[in-house]
Amino acid sequence: MLCWGFHKEYGVREEGMRHMTQDIDIAKICELANIKLTAEEQAAFQESLGAIVGYVQKIAEVDVSGIEPTVHGRLVTNVFRDDTQEQSLDREIFLMNAPQRVDNEFKVPRIVE
């Protein structure tokens, strides 16, 4: 069953949820997603989707003025090193374990026809 009870768990009022779901065309969503649902499953999906939309609208009511938008929950900075040329390992060491090789390269099976 597709109903998870979001509206009860997160305190979204059922009457508000029903109003929001009236505009959602579940049959069209199923058609676009190529999903076949019974009428009972569509009704349950309608209720669940409405609860999700209601919860998102509840989040949208939170006053976030003065809070700078972020991409990540923690302060993240890139750590770059100098791009310097260094000595690498000998190619022959890497190729020793190759199941098959052609000259100085790994031979791999073709995956695209």
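So here's what we get for this one:
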| quantity | calculated |
| --- | --- |
| Failed item in (1) under 19 Å from the mean Cα position of the chain (by Cα); (2) part of a loop (DSSP other than H, G, I, E, B); (3) modelled with pLDDT of 90 or more, with L32 passing the rest | (2) |
| The range 55-113, residues that are polar (S, T, N, Q) and in a loop (DSSP other than H, G, I, E, B) | S65, T70, T77, N78, T84, Q85, Q87, S88, N97, Q100, N104 |
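The values are calculated or read from the model by the stated rules, or taken from the named source; none is laboratory data. Since we're looking at a predicted model, the values are computed, not measured.
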